[in-house]
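Down below is the structure, laid out as structure tokens.
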Amino acid sequence: MNLEVDVEGSHSQTQSDDPEGEGSDFPHSQSQVQPQLSEPQPQPQPQPRRPRGFAATQSQTITPPSVSKGGIGSGKREREKEKERTKLRERHRRAITSRMLAGLRQFGNFPLPARADMNDVLAALARQAGWLVEPDGTTYRPHSNPNNPPPHHHIGHNDNDNGDGDGDGDGDTSYNNNCSSIVDSVLADSTTNNCLSSLSPTSLDSVVIAASADTHPPQIHHTPNYSTIASASASASASASASIHSPPPNQLMQDFPSTSGEHATDFTPTPYVPIFVKLSVNFSASIHHPNHSGIVNKFCQLVDPEGVRQDLTFLQSLNVDGVVVQCWWGIVETWTPRNYIWSGYRDLFNIIRHLKLKLQVVMAFHEDGASKSGETSISLPQWVMEIGKENQDIFFTDREGRRNTECLSWGIDKERVLQGRTGIEVYFDLMRSFRTEFDDLFAEGIICAVEIGLGASGELKYPSFSERMGWRYPGIGEFQCYDKYLQQSLRKAAKLRGHLFWGRGPDNGGQYNSRPHETGFFCERGDYDSYYGRFFLHWYAQSLIDHANNVLSLANHAFEETKIVVKVPAVYWWYKTPSHAAELTSGYYNPTNRDGYSPVFEVLKKHGVTVKFVCTGLQMSNQDSNEFLADPEGLSWQVFNSAWNRGLTIAGENALSCHDREGFIRIVEMAKPRNDPDLRHFSFFVYQQPSPPVQGTMFFSELEYLIKSMHGKGLPVFESKCVLVSIA
């Protein structure tokens, strides 16, 4: 009897038992060879490609095709899920790398290529420290002989071999000395320190620097959230002492950015940035008459002309370039539609003209905000509020049906529900009336810019963080899309997509004060990244973009040849989470794997506007950074780079909570990056006083410091940290 060995059959049976997942061309033992009778055999089918890596691991648990087809489907689904997870991790890693490289290009003037890697970064650091780096990676000091550079090692060589084969380790010692010298030179170089001081704390928390002999004794600056990093750095230094020299005892850990020292606060050689002071509702009242409701009252009358003149004269003595005045819709058109009263603003503008100050005007189509008693100092026009009593859907609405009267819903932009007019027609009529009334100021160049209010607080955002609804920092806020007009728009978009059941808001998005991990929508791998989640967030953000496009189109008609300004919010809390939940509810579809500001800035670029960004200037606490995952600097540079890359002009405005010296230093460094190769900077900056204001006093010393820093002028020789000046 003739026996034949079925090698192919044996191979297929032992494939799943191969510990490497690679298979074999021959059986591993005789027990794997089964004798069979010699019979005509059909032509064997080609074997499928053997799985590798994760797929090979899964194949060990999958039943062969002849046994079960469901097992193959399950394994395929698992592989697809793993591919998606790998893609998300890769996108997150690339986003982090991109921000780090952008920071080095922005602050350090490093000529890094578009697709830079770590070798490019190391070469740039070495060149910054004065070393010469050849294209092949050879690095040496300038005084060394280029024809005989120090020996360099390639990956894979013996660490103890210096190239002569004796293994005495001389080459390794030379290599370690060179590495140590490069690191010390880079970190001790003053220019590099300036670059490092400008980096975001999320990219660089602390570095080791050497204290020179002629300096004061070193001091260690402790920051609570850096303790873990310092411990890890110390452990790493101890374990790596065999290859790189440990820092001597006179070296120290210093946190960056540092605001101490004359060079850190000297902005003399920097570009000139005009600075404007916002005359808020309480500006004049905070100095002279704390009982008055503001500069212009609800009847559009200038409350205290002489007091306002004194205040503006003092601001003029501080060399401010101009002022910003908010023209409130609720004051100008408060009683009757199309009946505009500008008398109080005319009196105010005449004083500004007499003092030869520049003027920026804000078209404020929103409420001023609620006081501690719950009352708003300036509401929407009374005739609009009367319509709102009959049709509450003209206001933004949350999931529970609560109405927010801070501004009108974008759903009525093209709905004739305001006594025969649409929302954008109402805005356009007010802007056209203002342009006609103050044509003389436009002709003289007194009015140099007009800011268009596009949402809550005058910013381009949904009112998702309303304190009157109970929101408190750092809550994620709620979606504001439940009025009937926006719901109709959502259902229409879902129908066009072919999924009618998507025409609803998320039911697991949490509440105003929820945190991302507490919700099913914003948590890691939550519904925000599902097919429905991506559809809804795209529609939600597109509604914001369409509103901006509609209003700015009419604003350009009303204010031809005048600079138009749009205010963009700084929603920086939960910025380090994958979903960026707070940004999503405010209307910016900006998760980790997507740039949500690019489509917004494309529309703003279309209308040639200036982007005004709110600069917090805050030093994040350990709780903000680690628990609330806030990153204001990371958000700021994403916004700046996205806008600058599209050729947009950027301006800034300080947050109400920022009015101290350290905050101002951070703002000036943000407004005028020291080492930007393109010399980009803010076109102007708007200062608004602390809120609530300090009655009878103002931080005039700090304001004067901010003005001089923005103007790039020298500071007084003798100056105090903070001086409170009281005006009777």
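The values are calculated or read from the model by the stated rules, or taken from the named source; none is laboratory data. Everything numeric in this text was worked out from a predicted model, so none of it was measured. Positions of Cβ are backbone-derived with ideal geometry, glycine not excepted, and every protein chain shown enters the neighbour counts. Ligands, DNA and RNA are stripped out before the accessible areas are found, and what is left, the full protein with its side chains, is counted by its heavy atoms. Shrake-Rupley method; radii C 1.70, N 1.55, O 1.52, S 1.80 Å.
For ALA651, the conditions (1) buried (at least 21 other Cβ atoms within 10 Å of the Cβ); (2) in contact with a strand residue (DSSP E or B) (Cβ under 6 Å, 6 or more places away or on another chain); (3) at pLDDT below 90 all hold with the exception of (3). With respect to (1) surrounded by fewer than 17 Cβ atoms within 10 Å (Cβ to Cβ); (2) modelled with pLDDT under 90; (3) out of contact with any Gly (no Cβ under 9 Å at 6 or more places or on another chain), the lone exception for SER657 is condition (3). Residues of the range 275-332 that are modelled with pLDDT of 75 or more, of a type in the set (S, T, N, Q) and assigned to a loop (DSSP other than H, G, I, E, B): ASN297, GLN301, ASN319. Just one of (1) surrounded by fewer than 16 Cβ atoms within 10 Å (Cβ to Cβ); (2) touching a Cys at 6+ places or on another chain (Cβ under 7 Å) fails for LYS356. It is (2).
Among the conditions (1) more than 20 Å from the chain's Cα centre (by Cα); (2) under 22 Å from ALA630 (Cα atoms), the only one that ARG515 does not satisfy is (1).
Scanning the range 511-520 for residues that are touching a residue at least 24 places away in the same chain (Cβ under 8 Å), in a loop (DSSP other than H, G, I, E, B) and open to solvent by less than 40 Å² (accessible area, probe 1.4 Å) returns TYR512, SER514, THR519. Of the set (1) in a loop (DSSP other than H, G, I, E, B); (2) touching a residue at least 40 places away in the same chain (Cβ under 8 Å); (3) not basic (Lys, Arg), all apply to SER642 but (1).
Of all residues in the range 607-625, those being open to solvent by 10 Å² or more (accessible area, probe 1.4 Å), of a type in the set (Val, Ile, Thr) and in contact (Cβ under 8 Å) with a residue 60 or more places away in the chain number 1.
The residue pairs whose first member lies in the range 437-455 and is closer than 19 Å to GLU333 by Cα, whose second member is surrounded by 22 or more Cβ atoms within 10 Å (Cβ to Cβ) and hydroxyl-bearing (Ser, Thr, Tyr), and whose beta carbons are closer than 7 Å, counting only pairs six or more residues apart or on different chains, are GLY455/TYR462. For LEU629, state whether it is at positive phi and under 17 Å from the mean Cα position of the chain (by Cα). Yes: the conditions hold for LEU629. The residues in the range 571-606 that are open to solvent by 10 Å² or more (accessible area, probe 1.4 Å), under 18 Å from HIS547 (Cα atoms) and not charged (D, E, K, R) can be counted, and the count is 4.
Among the residues making up the range 443-490, those that are open to solvent by 20 Å² or more (accessible area, probe 1.4 Å), assigned to a loop (DSSP other than H, G, I, E, B) and farther than 30 Å from GLY322 by Cα are PHE465, GLY470, TRP471, ARG472, TYR473, TYR482. Within the range 425-441, can one find any residue that is closer than 21 Å to VAL600 by Cα and in contact with a Lys or Arg (Cβ under 8 Å, 6 or more places away or on another chain)? Within the range 425-441 (the criterion being closer than 21 Å to VAL600 by Cα and in contact with a Lys or Arg (Cβ under 8 Å, 6 or more places away or on another chain)), the answer is no, since none of the residues qualifies. Beta carbons closer than 6 Å, at least 6 apart along the sequence or on distinct chains, pair a first residue in the range 262-283 that is hydrophobic (A, V, I, L, M, F, W, C) with a second that is at pLDDT below 60 for ALA264/SER258.
From the list VAL614, VAL603, pick out the single residue that is of a type in the set (Val, Ile, Thr) and within 12 Å of the chain's Cα centre (by Cα).
Values: VAL603 fails: within 12 Å of the chain's Cα centre (by Cα).
Sole residue among the options that is of a type in the set (Val, Ile, Thr) and within 12 Å of the chain's Cα centre (by Cα): VAL614.
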